[in-house]
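Since the structure comes first, as structure tokens, the remarks are kept for the end.
The values are calculated or read from the model by the stated rules, or taken from the named source; none is laboratory data. All of these numbers come straight from a predicted model, not from anything done at the bench. Quick reminder, even Gly has a Cβ in these numbers, built from the backbone with ideal geometry, and neighbours come from all protein chains shown. Only protein heavy atoms, including side chains, enter the accessible area calculation; ligands, DNA and RNA are left aside. Shrake-Rupley method; radii C 1.70, N 1.55, O 1.52, S 1.80 Å.
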Amino acid sequence: MIHRTLVAAALALLPALAAAAPLSPEEVKNLVAALDDRQRNGGDYRALMYLEQKEKDKSDVVREAMVYRRDGDDKLMILFTKPKGEAGKGYLRMDKNLWSYDPGTGKWERRTERERIAGTDSRRQDFDESRLADEYDATYDGGSTLGKFKVHALTLKAKEGVDVAYPVVKLWVDQESGNILKRQEFALSGRLMRTAYYPRWKKVFSETKKADVWFPEEMRFFDEVEKANSTVILTKTVDLRPLEANQFTKAWVESKSR
Amino acid sequence: MQTWLIAWRNLLQHGKRTLLLGSAIAGVAMLLLLLLGLSNGTRETMLRSATTLSTGHVNIGGFYKATAGQSAPVVTKYKELLEHVRKNVPELDFVVTRGRGWAKAVSAGGSQQVGLAGVDIDAERDLRKVLVVTSGSVDALRTPGMVLMFEEQAKKLEVKVGDLITVSAPTVRGINNTLDLTVGAIAQDVGLLSKFNVFIPAQSLRQLYRLNEDATGAVQLYLKDVKDVSKVQERLRLTLAEAGYGVMDNDPRAFFQKFEVVNREDWTGQKLDLTTWEDEISFTKWTLTALDALTFILTLALLVVVGIGIMNTMAIAIRERTREIGTLRAMGMQRGQVLRMFLAEAVLLGLCGAVAGAVAGLLLSATLNALNIHVPLAVQLFLMSDTLHLAIHGGAIAFTVAFITGCISVISLVPSWWAARLNPVTAMQHVG
């Protein structure tokens, strides 16, 4: 009887043991590549997003923005539509340059690729196509749990010669769904700068890819240096139908802010 | 000469009126002189503070761009530049190098954007003279990882000596980095310049931005005579270009105001930017402009009041002296002579009043300077100093006396002309 109980217990533990087994470097590489691939569309992308910014000693600010991407050409546009004071402001990436536009002054300013978007804790990469496999080398930290989820913990280090905002990133990837649940980003000094949580993911079918494209429905960013600051980004709708051909131009952004 | 004597006697004869008008003129002259002293004092304080806190008389700064859209206020191979400066600037008194940076400082109590100045405290000649440390010691800057900040910053960040702050900034290549710093000293505020600037050891700045040993933010030149600034700037512009350095077009603004323009340009690599001390503090010039405007408006308003008073008083005097004018005219005095006589009275009155006002202004400014009066924070921002400092030079005194006397003379032209126009017969019959 005791023997049977032990066998049953061992059998019950098997999946957990299997999950905890370390991934080989090849499996880790494939896992990171899969993270990129799940979110990759290849064609056009349009999303309606809400950004809620919380800062110490300031009132909360909520912005509405349309995010447009043409991943094939590496193009990205963020156009703010609300509140009134922010409407018409936008970011446009063209030829590896990120430009910001202020309809108040009518001026375009070249910004660094890695700067905060609209002063929030979000950055360009949070809206852009995932390029983890291109930018980082990953190592496996082991299996663990994050709340009720069993996760793979990974450490990503920036590849030699690749400039990224954070040289070290830690990821917690849901073993079951394959979605990123948590992300921590570290400065060169090793200090933790930002923690992001992705509690909800959604998928939408892409005609271009002929497969599902996953996107985080909710992203929560916490500034780890200024602890009181945080930003929540909600993705309301995602549309993968083709966009206008001339959409990713300065003229288009300017026309929208008139 | 006779006209002047008559005028002088007339002034003495009407002692009460002369004293009243003279006092009003002296008051305006004194105020003008004090305001000029304040403006000069502010300018001098600004030069002294600025040229030690944030700029040399001439600066060789510049930008390094790893990519077109990512610029950093960095000058590479600065030792070669130092050699170039020593060879080409005989007007040089001494030279220092300063690291430059712009970062977010975060403490447990708050955060603020700060301009980082990376200094080698032992190489700084005058910095200690300008900084009035209220807590800690400037010597703390000898140790890497220390920071000297100003009182208002410390208050905003809620820190004291020994507390820790974190500064966060992207490196030249745009990779985020942080540095933990201990507050080593807190200094008295020195107006706008101390609102954003903090000092850290040059080594710590290099650590934050991951810079090489041969990189700095700016080479700051201090000249024997500050008047040579433009000459030296122009010469360096030519000789540096001839030596193969990329030199930016002249843009008379502080380095941190140029990021937008530099980022918009397509070049990458190193370009040097030559600025003067006035360029680097151009963002504070509004204080001097405002002070000069205030001086002008106040003086004008007082002059108008005093002018109307003088015209009125002279008109009354002419009325009182109508018969006297009639008699003088009947005795053969020409209209021009009458006009000159009244004009001379006004000039003498103006001159005496202005001289008295200047003397009073000088005494008052000396007293105020000796009292070392502390001014409120809002005024400190305006004056660039925590104490009231008035600087009255010979030029300002001469200007005040000449200006006030000139204005009074011009104002008195009208009543003098009225007097000269009087008909001798009518004037003699006048019953006053």
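The table below gives the values:
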| quantity | calculated |
| --- | --- |
| Filtered residue count, the range B:38-54, keeping only those that are within 21 Å of B:Leu148 (Cβ to Cβ), within 8 Å of the chain's Cα centre (by Cα) and surrounded by fewer than 24 Cβ atoms within 10 Å (Cβ to Cβ) | 1 |
| Residue within the range A:132-139 that is closer than 26 Å to A:Thr195 by Cα, hydroxyl-bearing (Ser, Thr, Tyr), within 14 Å of another protein chain (Cβ to nearest Cβ) and within 18 Å of the chain's Cα centre (by Cα) present | yes |
| Answer from A:Val164, A:Val173, A:Val169 - the residue that is under 21 Å from A:Arg220 (Cα atoms), outside any strand (DSSP E or B) and either touching a residue at least 12 places away in the same chain (Cβ under 8 Å) or within 14 Å of chain B (Cβ to nearest Cβ) (or both) | A:Val164 |
| Residue in the range B:375-384 that is modelled with pLDDT under 90, aromatic (Phe, Trp, Tyr), open to solvent by 10 Å² or more (accessible area, probe 1.4 Å) and over 30 Å from B:Gly191 (Cα atoms) present | no |
| Residue within the range B:110-122 that is open to solvent by less than 10 Å² (accessible area, probe 1.4 Å), in contact (Cβ under 8 Å) with a residue 60 or more places away in the chain and part of a helix (DSSP H, G or I) present | no |
| Any hit, the range B:67-85, residues being of a type in the set (A, V, I, L, M, F, W, C), touching a helix residue (DSSP H, G or I) at 6+ places or on another chain (Cβ under 7 Å) and over 30 Å from B:Ile121 (Cα atoms) | no |
| Hits in the range A:222-250 (condition: surrounded by 13 or more Cβ atoms within 10 Å (Cβ to Cβ), in a loop (DSSP other than H, G, I, E, B) and acidic (Asp, Glu)) | A:Glu224, A:Glu226 |
| Residue within the range B:282-302 that is at pLDDT 95 or above and more than 19 Å from the chain's Cα centre (by Cα) present | no |
| Qualifying helices (runs of 4 or more DSSP H) (wholly inside the range B:134-213; at least 2 residues being touching a Phe, Trp or Tyr at 6+ places or on another chain (Cβ under 6 Å)) | none |
| Residue match in the range B:335-347 (condition: under 30 Å from B:Lys156 (Cα atoms), assigned to a helix (DSSP H, G or I) and assigned by TED's automatic domain parsing to the domain that holds B:Leu298) | no |
| Some residue of the range A:214-232 being in contact with a Phe, Trp or Tyr (Cβ under 6 Å, 6 or more places away or on another chain) and either within 14 Å of chain B (Cβ to nearest Cβ) or of a type in the set (Ser, Thr, Tyr) (or both) | yes |
| B:Leu303 open to solvent by 70 Å² or more (accessible area, probe 1.4 Å) and over 26 Å from B:Trp102 (Cα atoms) | no |
| Residue in the range B:160-181 that is surrounded by 23 or more Cβ atoms within 10 Å (Cβ to Cβ) and more than 14 Å from chain A (Cβ to nearest Cβ) present | no |
| Conditions (1) out of contact with any helix residue (DSSP H, G or I) (no Cβ under 7 Å at 6 or more places or on another chain); (2) buried (at least 21 other Cβ atoms within 10 Å of the Cβ); number of the one not met by B:His57 | (1) |
| Matching residues in the range A:236-250 - criterion: being out of contact with any Leu (no Cβ under 7 Å at 6 or more places or on another chain) and under 14 Å from A:Met66 (Cα atoms) | A:Val238, A:Asp239, A:Leu240, A:Leu243, A:Gln247 |
| Pick from the range B:244-259, criterion in contact with a helix residue (DSSP H, G or I) (Cβ under 6 Å, 6 or more places away or on another chain) and open to solvent by less than 60 Å² (accessible area, probe 1.4 Å), ranking: nearest to the other protein chains (Cβ to nearest Cβ) | B:Ala254 |
| Selection count, the range B:132-152, where residues are under 27 Å from the mean Cα position of the chain (by Cα) and either surrounded by fewer than 21 Cβ atoms within 10 Å (Cβ to Cβ) or without any contact (Cβ under 8 Å) to a residue 40 or more places away in the chain (or both) | 6 |
| Any hit, the range A:121-143, residues being β-branched (Val, Ile, Thr), farther than 22 Å from A:Gly190 by Cβ and out of contact with any helix residue (DSSP H, G or I) (no Cβ under 6 Å at 6 or more places or on another chain) | no |
| Unmet requirement for B:Val262, which otherwise passes all of (1) open to solvent by less than 70 Å² (accessible area, probe 1.4 Å); (2) touching a residue at least 24 places away in the same chain (Cβ under 8 Å); (3) part of a loop (DSSP other than H, G, I, E, B) | (3) |
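Results for (1) in contact with an Asp or Glu (Cβ under 8 Å, 6 or more places away or on another chain); (2) under 24 Å from B:Glu234 (Cβ atoms), shown as yes or no for each residue.
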position	(1), (2)
B:Leu92	no, yes
B:Arg98	no, yes
B:Val114	no, no
B:Val119	no, no
B:Ala123	no, no
B:Leu127	no, no
B:Arg142	yes, no
B:Leu148	no, no
B:Lys155	no, no
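Let's see how each residue does on (1) of a type in the set (A, V, I, L, M); (2) surrounded by 18 or more Cβ atoms within 10 Å (Cβ to Cβ); (3) at positive phi; (4) without any contact (Cβ under 8 Å) to a residue 12 or more places away in the chain:
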{"site": "B:Asp189", "(1), (2), (3), (4)": "no, yes, no, no"}
{"site": "B:Phe199", "(1), (2), (3), (4)": "no, yes, no, no"}
{"site": "B:Ser204", "(1), (2), (3), (4)": "no, yes, no, no"}
{"site": "B:Gln207", "(1), (2), (3), (4)": "no, yes, no, no"}
{"site": "B:Glu213", "(1), (2), (3), (4)": "no, no, no, yes"}
{"site": "B:Tyr222", "(1), (2), (3), (4)": "no, yes, no, no"}
{"site": "B:Val226", "(1), (2), (3), (4)": "yes, no, no, no"}
{"site": "B:Leu236", "(1), (2), (3), (4)": "yes, yes, no, no"}
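To keep it simple, each residue is scored yes or no on (1) within 14 Å of chain B (Cβ to nearest Cβ); (2) open to solvent by less than 50 Å² (accessible area, probe 1.4 Å); (3) under 23 Å from A:Leu181 (Cα atoms).
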position	(1), (2), (3)
A:Asp44	no, yes, no
A:Leu48	no, yes, yes
A:Lys56	yes, no, no
A:Arg70	no, yes, no
A:Lys75	no, no, no
A:Phe80	no, yes, no
A:Gly85	no, no, no
A:Pro103	no, yes, no
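Residues checked against (1) closer than 20 Å to A:Glu113 by Cβ; (2) of a type outside the set (Ser, Thr, Tyr):
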site: A:Leu181; (1), (2): no, yes
site: A:Tyr198; (1), (2): no, no
site: A:Val204; (1), (2): no, yes
site: A:Lys209; (1), (2): no, yes
site: A:Asp223; (1), (2): yes, yes
site: A:Ala228; (1), (2): no, yes
site: A:Thr249; (1), (2): yes, no
site: A:Trp252; (1), (2): no, yes
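One line per residue, one yes/no per condition, for (1) surrounded by fewer than 19 Cβ atoms within 10 Å (Cβ to Cβ); (2) under 20 Å from B:Thr51 (Cα atoms); (3) away from chain A (no Cβ under 14 Å):
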residue	(1), (2), (3)
B:Lys65	no, no, no
B:Glu80	yes, no, yes
B:Pro90	yes, yes, yes
B:Arg100	no, yes, yes
